[in-house]
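Single-structure report; data block below.
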Amino acid sequence: DKYVYAFAEGNKDLKDLLGGKGANLAEMTNLGLPVPPGFTITTEACRAYLRDGKTPASLDAEISAHLAALEQAMAKKLGDPEDPLLVSVRSGAKFSMPGMMETVLNVGLTDASVPGLARQSGNIRFAWDSYRRLIQMFGKTVCDVPGEAFEQALDAAKRVKGAHADVDLDADDLQALVDAYKQIFKQHTGRDFPQEPREQMELAIRAVFESWNAERAILYRRQERIPGDLGTAVNVVAMVFGNLGDDSGTGVAFTRDPATGEQGVYGDYLPNAQGEDVVAGIRNTIPLQDLEGLDPTSFTELMRIMSVLEGHYKDLCDIEFTIERGKLWMLQTRVGKRTAAAAFIIAGQLVDEGVIDPDEALRRVTGAQLMQLMFPTFAKTDTQPLAKGIAASPGAAVGKAVFDSARAAERAATGDKVILVRRETNPDDLPGMIAAAGILTSRGGKTSHAAVVARGMGRTCVCGAEALDVTDDSFKVGTTTVREGDVISIDGTTGKVYLGEIPVEPSPVVQYFEGDAAHSVPARSGVSREDGGLNASGDTAQSPLVRAVDRALRHADEMRRLAVWTNADNAADAGRARRFGAQGIGLCRTEHMFLGDRRELVEALILASTSDEQEQALAALLPLQRADFAEILQAMNGLPVTVRLIDPPLHEFLPSLEELAVKDAQGRLGSREKELLAAVRRTHEENPMLGLRGVRLGLVIPGLFAMQVRAIAEAARQVKQAGGDPRPEVMVPLVGAVQELEAVRTQALDVIRDVDPGVPVPIGTMIEVPRAALTAGEIAGSAEFFSFGTNDLTQMGWGFSRDDVESAFFGRYLELGIFGVSPFETLDADGIGRLVRIAVEEGRAARPDLQIGVCGEHGGDPDSVHFFDSAGLDYVSCSPFRVPVARLEAGRAAL
Ligand code: ADP
Ligand code: MG
Ligand code: MG
C-alpha cells in the first residue's frame with residue numbers, strides 16, 4: 001500500500017484517501033497556485049494506526065523519502081541548526097471538522113536551530129516567537145499539557161511588560177517565555193522538550209492520528225452525522241511565516257459572503273501573526289478589504305486566485321492564506337460552509353452565471369437547510385438592542401444567558417433554552433454550542449470559531465459584539481449587567497442582541513408559502529392545482545431568498561417521481577399543507593376527533609353494556625365525525641384524503657387509573673365515575689402498544705369502524721352533492737393478517753354501498769406490523785393501497801418501545817455506533833427498509849396497480865425520502881411543515 005502522497009500526486013477527488021485539506025492542497029498545487037510544498041499521509045494509515053496502535057511498517061520509509069524530496073525542494077533540512085526547514089503537521093479529514101482535530105506548526109525547531117532561524121530571517125524576535133508557539137502547540141496537542149498553563153505564563157509575561165498583545169513582547173521577553181514554557185513542559189510530561197526534529201514530527205503525526213478520537217471530534221461527528229471510522233489524513237507542509245513582521249500576516253477569506261451569498265471581498269486579516277491567531281480571536285482582525293492598502297500586490301494576487309478557485313470549483317470557496325514578506329501563499333481551500341439561505345441564493349446565482357445547471361443547483365441545497373429557513377424570525381420590535389455584533393449565522397434565538405459550555409449543556413438537559421455567551425469560543429465549547437439555542441461572542445469575525453461551527457450546525461450566532469464585556473459569569477454593556485439565567489434574544493440575521501424576549505413571527509419563506517403563491521405541478525399523480533402560477537400577482541417585492549427557494553422547489557417538482565402528501569387531521573392543517581404543496585392527505589388520524597367534549601360520548605361507548613347502548617353511543621358520534629370529514633374533504637377538494645380508522649386503545653380516552661383511584665380512596669367517586677374506574681381496571685393492558693388497538697378494536701367493537709366508514713361515505717356524498725370533488729380513502733390500521741383486513745373490508749363495503757356516496761372509496765391498509773410486510777402478497781389481495789406506518793414498523797421491527805427507549809438507552813447505542821442516528825428519525829434502511837422492499841415487491845406482484853405510500857414521521861426525513869424513492873413508493877406523507885422539505889428531497893432523490 002502507498003501511504004504517502006506528494007501534493008503533486010493528489011487531486012480534489014481523493015478526499016476519502018487524502019482528506020479534504022490534502023486533496024485540495026494537491027488540487028491547488030496542480031493548478032499552479034502558490035502552495036508551500038508538502039505531502040499527505042493517507043487516512044488509510046490513520047485507520048491502520050488506530051486499529052493496531054502502531055503505524056504500518058512501511059510508513060516510516062515512505063515518510064523519509066517524501067521528507068527528503070521536500071528538503072530538496074526547499075533546499076533546507078528539517079531542523080538544520082544553520083538554516084532549519086520547519087513544517088506544519090496538520091489534520092484533515094474527508095469532511096471538514098473545523099478546529100476539532102489537531103495541527104502543530106513550526107515542527108523541527110529546537111534549541112540548536114533557533115539561532116539559525118534568527119540569522120537566516122534576520123529577525124531574532126521571530127525565531128523566539130516561532131519556538132514558543134511550537135512548545136505551546138506541541139505541548140498541548142501532542143503531550144496533553146493543559147493549555148492554560150501556557151496561557152498563564154504568556155499573560156504573566158505580558159503583565160510584567162505592561163504589554164497588551166503578544167506582538168508587544170520583544171525577543172528577550174519571548175526567549176524568557178520559551179524557558180518558562182520548557183519548564184511547564186517538563187513539569188507536566190516528566191521529560192524535556194524533544195530536541196530531535198524528526199522525533200517531533202513523528203510524535204506530531206501520531207497526535208494528529210489520535211485527535212480523530214478526541215472527545216470533541218467524536219461529539220462533532222455525531223452532531224454532523226459524520227461516520228466515526230473514516231480517520232484523518234495528515235498533511236506535512238513546509239512552513240511559511242506570517243509572523244515575520246508587519247509585511248507579513250495571515251488571513252482567511254471567502255469568495256462570496258457565506259451568510260448571504262453576495263459577491264464581494266469577505267475575510268479577515270491579521271498582520272504579523274501565525275496560523276490559528278485569526279480563528280482563535282487572539283487579537284482583533286482587520287477586514288480583508290484593508291489589505292488592499294497594506295499590500296496591494298498581495299491583495300490583487302489574492303483576488304485573482306480567489307476567482308481562479310471559484311471558477312475551478314464552480315462554487316463558493318473559503319481559503320486560508322499567509323503572506324510572508326510580501327509573498328502570498330495558499331494554505332487551504334475548500335468548498336465553503338455557508339448558511340442555509342446562502343446555499344439557495346448561491347445555487348441560483350451560479351445558475352444565472354451559467355456556471356452550473358439547475359440539476360447541480362438542486363444537488364447543492366438540502367431539505368435540512370430548507371427546514372432551517374422555515375424557523376420563525378423576530379418580529380419587528382421597538383426594543384432597543386443592547387448591542388450589535390456580526391450576523392454570523394442566522395436565526396432568532398431566545399434563551400437564558402449561560403457563560404460556560406458545561407453549564408449550558410446542563411441547563412439545556414433540564415429543558416431550558418440557553419444562549420451560550422463567551423468572549424470567544426474554542427473547540428472545547430462544542431457541547432455547550434450544541435446544547436444552546438444560540439451563541440453570542442464579544443470577539444471574532446465571520447470566520448471565528450464560533451461563526452464557522454455555528455453555521456455548520458445551523459445554530460444561530462452573533463459574534464464580535466464588542467460592546468459586551470464578557471466575564472466568566474456575566475456580561476456588561478454600559479450600565480446593564482446580564483447574569484446566568486437572564487433572558488436575552490439574539491438575531492443572527494441582523495447581529496442585534498436584546499435584553500428579554502423578543503416575539504417571533506413566521507419566516508419569510510413560510511410567509512411566502514402561506515401566501516397565495518402557487519406551488520408545484522405535481523409529479524405523477526396527475527392532479528393539477530387550481531391556484532394559478534407563481535407571481536400571478538406580479539410580486540416583485542420578493543426577497544432573493546424567497547425567489548431562490550421557490551426556484552429550487554420548482555425544479556425539484558419537475559424532477560421528482562415521488563408525490564408528496566401530508567398528515568393532517570383538520571381543515572386548517574390540510575389547507576396549510578396544500579399551500580405548502582401537498583398533493584393529498586396520506587394520514588388523517590381520527591382519534592383527536594374523540595377528545596374534548598366528545599370524550600363523554602366515547603366513555604359512553606366503552607361503558608355500554610348492551611348492544612343497544614353501544615349503538616346509541618355510536619349514533620351520537622356519527623354526525624360529529626361526518627362534519628369533521630366533510631370539512632377536510634372540502635379543504636382537500638380534488639385531492640385524496642386517506643382517513644385512518646381509529647387506532648389507539650380505547651382506554652386512552654378514559655381518565656387515568658391514579659386519578660380515579662385517589663378520588664375513590666377519598667370516597668369522592670360518583671356512580672358514573674365508579675363505572676369508569678371499573679372500566680379502566682377491566683381494560684388495563686400491560687403493553688397497550690401491542691394490545692387491543694387498530695384493526696383489533698374494529699373487530700371487537702364492530703359498530704365502531706362501521707360508524708366511521710359511514711361518516712366518511714356520508715361526508716363524501718354531502719360534499720359531492722354540493723358540487724365538490726371529494727376523494728376519500730379508508731385506511732385500516734395495524735393489520736397483520738389478510739383475514740383481519742378482509743373482515744373489516746366486507747363490512748365497510750356494505751356500509752359504502754348502503755350510503756352510496758357517488759364517488760369511489762378505495763379501502764387499503766397500513767403496513768406497520770412486520771407480519772403484514774412479510775405477507776404483503778396476500779394482503780394486497782384485499783387492499784387497494786398500502787401505506788407504511790414506519791413508526792410502528794420500526795417499533796415492532798426492532799422491538800423498541802418508541803415512548804421509552806430514546807431516553808433510556810439510545811444515547812448509549814449512538815455512542816457504540818449500533819446506529820448513527822435514531823431509527824425513529826431516519827428509516828433503518830438495512831432492517832426495516834428490507835421489510836418495506838419486500839412488501840412493495842410482493843404487494844405489486846399481487847396487484848400491479850397497488851398504490852403505495854408512507855405516512856410515518858419518516859415521510860419528511862430527507863434521508864428516508866431518498867430511501868422511499870429508491871424503494872419505488874408512489875408518495876411520502878409528512879406533517880405540513882415538512883412538505884416543502886419532502887418536495888425538495890424527492891426532487892434531489894430523482895437526480
Ligand atoms: P484547521 O483545520 O484547524 O484550520 P490547519 O491545519 O488548517 O488547522 O492549520 C491551522 C492554522 O495554521 C491555519 O491558520 C493554517 O493556515 C496555519 N498553517 C498550517 N500550515 C501552515 C504552514 N505550513 N505555514 C504557515 N501556516 C500554516
Ligand atoms: Mg485550516
Ligand atoms: Mg401506527
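Can you confirm whether the stretch 298-307 contains a residue that is part of a loop (DSSP other than H, G, I, E, B) and at negative phi?
At the first step, the residues of the stretch 298-307 found to be part of a loop (DSSP other than H, G, I, E, B) are none.
No, because not a single residue in the stretch 298-307 is part of a loop (DSSP other than H, G, I, E, B) and at negative phi.
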Candidates F786, F824, F867, F800 - the one that is more than 16 Å from ligand 1 (Cβ to nearest atom) and in a helix (DSSP H, G or I): F867
Residue within the stretch 822-839 that is surrounded by fewer than 24 Cβ atoms within 10 Å (Cβ to Cβ) and without any contact (Cβ under 8 Å) to a residue 12 or more places away in the chain present: yes
Where R693 falls short, out of the listed (1) part of a helix (DSSP H, G or I); (2) crowded, with 19+ Cβ neighbours inside 10 Å: (1)
Flag for A808 being closer than 30 Å to D229 by Cβ and either in a loop (DSSP other than H, G, I, E, B) or at pLDDT 95 or above (or both): no
Every pair of residues 6+ apart whose Cβ atoms lie under 7 Å, when the first sits in the stretch 170-188 and is assigned by TED's automatic domain parsing to the domain that holds A127 while the second is buried (at least 17 other Cβ atoms within 10 Å of the Cβ) and acidic (D, E): L174/D129
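Where residues in the stretch 223-237 are more than 16 Å from ligand 2 (Cβ to nearest atom) and over 14 Å from N213 (Cα atoms), which of them is surrounded by the fewest Cβ atoms within 10 Å (Cβ to Cβ)?
Restricting to residues being more than 16 Å from ligand 2 (Cβ to nearest atom) and over 14 Å from N213 (Cα atoms), the top hit is R225.
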Sole residue being buried (at least 24 other Cβ atoms within 10 Å of the Cβ), small (G, A, S), assigned by TED's automatic domain parsing to the domain that holds L639 and away from ligand 1 (no atom under 16 Å from the Cβ), chosen from A711, A780: A711
Verdict on E276 being among the acidic types (D, E), touching a Ser or Thr at 6+ places or on another chain (Cβ under 9 Å) and surrounded by fewer than 20 Cβ atoms within 10 Å (Cβ to Cβ): yes
Of residues in the stretch 747-776 being surrounded by fewer than 18 Cβ atoms within 10 Å (Cβ to Cβ) and in a loop (DSSP other than H, G, I, E, B), the one nearest to ligand 2 (Cβ to nearest atom): P762
Residue match in the stretch 16-25 (condition: more than 13 Å from ligand 1 (Cβ to nearest atom), closer than 25 Å to D428 by Cα and in the same structural domain as R221 (by TED's automatic domain parsing)): no
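Can you find a residue that is without any contact (Cβ under 8 Å) to a residue 12 or more places away in the chain, surrounded by fewer than 22 Cβ atoms within 10 Å (Cβ to Cβ), more than 17 Å from N637 (Cβ to Cβ) and of a type outside the set (V, I, T) anywhere in the stretch 732-746?
Taking the stretch 732-746 and keeping what is without any contact (Cβ under 8 Å) to a residue 12 or more places away in the chain, we get 739, 746.
Next, from what is left, pick out any that are surrounded by fewer than 22 Cβ atoms within 10 Å (Cβ to Cβ): 739, 746.
Applying the additional criterion that residues be more than 17 Å from N637 (Cβ to Cβ) yields 739, 746.
Of the ones still in play, those that are also of a type outside the set (V, I, T) are 739.
Within the stretch 732-746, one or more residues are without any contact (Cβ under 8 Å) to a residue 12 or more places away in the chain, surrounded by fewer than 22 Cβ atoms within 10 Å (Cβ to Cβ), more than 17 Å from N637 (Cβ to Cβ) and of a type outside the set (V, I, T).
Take V365 and tell me if it is away from ligand 2 (no atom under 16 Å from the Cβ), at pLDDT 95 or above and not assigned by TED's automatic domain parsing to the domain that holds A893.
Values: away from ligand 2 (no atom under 16 Å from the Cβ): yes; at pLDDT 95 or above: yes; not assigned by TED's automatic domain parsing to the domain that holds A893: yes.
When the stated conditions are applied, V365 passes them.
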Unmet requirement for I346, which otherwise passes all of (1) surrounded by 24 or more Cβ atoms within 10 Å (Cβ to Cβ); (2) in contact with a helix residue (DSSP H, G or I) (Cβ under 8 Å, 6 or more places away or on another chain): (2)
Test: residue in the stretch 112-128 that is among the hydrophobic types (A, V, I, L, M, F, W, C), in contact with a Phe, Trp or Tyr (Cβ under 6 Å, 6 or more places away or on another chain) and not assigned by TED's automatic domain parsing to the domain that holds L430: yes
Scope the stretch 27-51; condition in contact (Cβ under 8 Å) with a residue 12 or more places away in the chain, charged (D, E, K, R) and either part of a loop (DSSP other than H, G, I, E, B) or more than 16 Å from ligand 2 (Cβ to nearest atom) (or both); matching residues: E44, R47
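The values are calculated or read from the model by the stated rules, or taken from the named source; none is laboratory data. Note that the structure is predicted; figures quoted are calculated from it, not measured. Because the Cβ atoms are built from the backbone with ideal geometry, glycine has one as well, and the counts that use them run over all protein chains shown.
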